[in-house]
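Single-structure report; data block below.
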Amino acid sequence: MTEVILHIYDVTNSDSDKTNNTIVQINRIFKDRIRLGGIFHSAVQVYGDEEWSFGFCEEGSGVFSCPSGKNPMYTYRECIILGKTNVSILKVNQILRELNREWPGCEYDLLSKNCNHFCDEFCVRLGVPKLPGWVNRFAHAGDAALEMAENTALRLRQAKTEIVSASKVAYRFLLGVTSNSSVASESLGNSNRGTPRFQAAWFKSLVSNGPKPSSSSELENHEEPMIRQQQPQDEAEAPMHQNSRHDV
């Protein structure tokens, strides 16, 4: 069995001394006083004097090693013994080769895939506890905030889509109600006036034959002239009879 040691650094790799000093002050306040967390780099040491960590690079693996506690890019802070591992040195080398393939440098992400996430994964495979929560708390909080923002944006887009769909359904429903009302009113009118084809035939008949009475009073009014027109005919026939009699 051998000890697994976690080395922790303040992230002071900025080109600005002011920025680096600010990060150191933030870590002192939020970690040392409030015991909440900070902005840290971490690396794992097991078997030997090298520590292993992960960082960004454009090509190849992001896994790298350097002498324990002597990474020149950061300001060394402290070390924590995470426990002892039963994994042999041969198996550790195999684990490192696997991690070397699985963690390309181009996939480095400050919030979701940084050096602390790598050390967590390495510790899991070594069979020791993960990093203390405060080491990577700011990254977890930032990642959670980013995920929440993305989920909120997704929900807003979904809500907008649902509102648009509901509006379309409501519009189609109202359009259908309006169409049905128009059809109903036309049907009611047609029941009183007849279909357009029947109306055309009736109008043609009206022009050709004259209007037809629709009641008994109108029938009487139209029959009277017909009777009066027959009277002169009788009178005309009467002289013919008289003449015939005279001839006889």
## Note on the structure
Put 39, 5, 34, 95 in order of accessible area, largest first, probe 1.4 Å, and you get 34, 39, 5, 95
### Query
In sequence order, what are the phi-derived ³J(HN,Hα) couplings for segment 76-81 according to the Karplus relation 6.51 cos²θ - 1.76 cosθ + 1.60 with θ = phi - 60°, rounded to whole Hz, with x for glycine and proline?
5, 10, 6, 10, 9, 7
#### Entry: Distant-in-sequence amide H partners of residue 61 (H built 1.01 Å from N, under 5 Å)
105
### Task
Rounded to whole Hz and in sequence order, give me ³J(HN,Hα) for segment 38-48 from the Karplus expression 6.51 cos²θ - 1.76 cosθ + 1.60, θ = phi - 60°, writing x for Gly and Pro.
x, 10, 10, 10, 9, 8, 10, 10, 8, 6, x
### Task
Using a 1.4 Å probe and ignoring any ligands, DNA or RNA, find the accessible area of residue 84 and quote it in Å² to the nearest 10.
120
#### Entry: Distance histogram in 10 Å bins (all Cα pairs of segment 1-150, percent per bin)
11, 39, 37, 12, 1
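With a cap of 13 neighbouring Cβ atoms within 10 Å, and only residues DSSP puts in a loop, list the GluC sites (Glu not before Pro) found in segment 1-105.
For GluC sites (Glu not before Pro) across segment 1-105 that sit outside H, G, I, E and B with at most 13 neighbouring Cβ atoms in 10 Å, the list reads 58, 59.
State the volume of the convex hull built on the alpha-carbon positions of segment 87-134, expressed per residue in Å³ and rounded to an integer. Don't jump to the answer; show the numbers that get you there.
On the way: hull volume 3.3 nm³, N = 48.
It is 69 Å³ per residue.
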### Query
Applying 1/(1 + (r/R0)^6) with R0 = 25 Å to the Cβ-Cβ distance of residue 49 and residue 134, what FRET efficiency is obtained, to the nearest 0.05?
0.40
## Note on the structure
Excluding ligands, DNA and RNA, the carbon-plus-sulfur percentage of the accessible area of segment 5-56 with a 1.4 Å probe reads 50
### Query
Residue by residue through segment 95-100, which ³J(HN,Hα) values in whole Hz follow from phi under the Karplus form 6.51 cos²θ - 1.76 cosθ + 1.60 (θ = phi - 60°), with glycine and proline marked x?
4, 5, 5, 5, 5, 4
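The values are calculated or read from the model by the stated rules, or taken from the named source; none is laboratory data. Treat the numbers as computed from the prediction; the structure is a model and nothing was measured. So basically every Cβ, Gly included, is an ideal-geometry build from the backbone, and we count neighbours across all protein chains shown. Remember, those area values only see protein heavy atoms, side chains included, never the ligands or the DNA or RNA. Shrake-Rupley method; radii C 1.70, N 1.55, O 1.52, S 1.80 Å.
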